[in-house]
Amino acid sequence: NLNFVNNKFISNVADGSVAYIQGSNNRIFFEGNVFQNNQAAEGGVIYFSQLSFANFFQCRLCRFQKNQAFTSGGILIIDGYSHRIDISLSTFFDNFAQLDGGCFYFKCVSECLNTNVRIDSCTFKGNEVKRYGGVLAYNKNVEHTTGIRITIQLTKSEFINNIGNERGGVIYASGFKS
């Protein structure tokens, strides 16, 4: 278990500039932290790798400001499967990604099988992406034949002046089967 409470993460550089998660059954908890001016090729702050599964990530009362990814996921990129992501009472201002997901990108190259995401009572303002999903992008790249792929629940959150320069000022989602 990893617990981060009342810290400041400023101007860090690496894929997942603050945390790169590879492995399983981890509990990662952030509360009252500030993430500012962090940079990465992918996952400006946190990266759950393709080799990760069954992790629980919880983030409360955090501020994410001016983080960027040179490809996708200005804040968070998720690959792997069976993750549980719970983000609440946090603010996301002026984060940026060159391609997809100004804040969150669900890469799903292998699978996002049984991944559950809950975002509650958050504020997203001025986040931008050059291509798809100013706040969130999900682009299923592979056909899966069984199982639930991903569940995303957004409640009581505010979205202000977010920009997806090609599609989806707030959300871009593709690859769903009917």
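The values are calculated or read from the model by the stated rules, or taken from the named source; none is laboratory data. Keep in mind the model is a prediction, meaning the values are calculated, not measured. Using ideal geometry, Cβ is built from the backbone for each residue, glycine included, and neighbour counts are taken over all protein chains shown. Ligands, DNA and RNA are stripped out before the accessible areas are found, and what is left, the full protein with its side chains, is counted by its heavy atoms. Shrake-Rupley method; radii C 1.70, N 1.55, O 1.52, S 1.80 Å.
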In the stretch 71-87, anything at pLDDT below 95 and either of a type in the set (A, V, I, L, M) or open to solvent by 50 Å² or more (accessible area, probe 1.4 Å) (or both) is listed as Ile75, Leu76, Ile77, Ile78, Tyr81, Arg84, Ile85
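Might you check whether a residue that is closer than 24 Å to Asn26 by Cβ and modelled with pLDDT of 80 or more occurs anywhere in the stretch 160-171? Outline the logic, then answer.
Step one: list which residues in the stretch 160-171 are closer than 24 Å to Asn26 by Cβ, which gives none.
No - not one qualifying residue is present in the stretch 160-171.
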When restricted to Ile87, Ile28, the only residue under 16 Å from Thr151 (Cβ atoms) and either within 11 Å of the chain's Cα centre (by Cα) or among the hydrophobic types (A, V, I, L, M, F, W, C) (or both) is Ile87
When restricted to Ser49, Ser90, the only residue touching a residue at least 12 places away in the same chain (Cβ under 8 Å), open to solvent by less than 20 Å² (accessible area, probe 1.4 Å) and touching an Asp or Glu at 6+ places or on another chain (Cβ under 7 Å) is Ser49
Can we say Gln58 is in a loop (DSSP other than H, G, I, E, B) and out of contact with any helix residue (DSSP H, G or I) (no Cβ under 7 Å at 6 or more places or on another chain)? no
Expected single match for at pLDDT 95 or above and either closer than 19 Å to Asn127 by Cα or open to solvent by 60 Å² or more (accessible area, probe 1.4 Å) (or both) among Gln98, Gln36 is Gln36
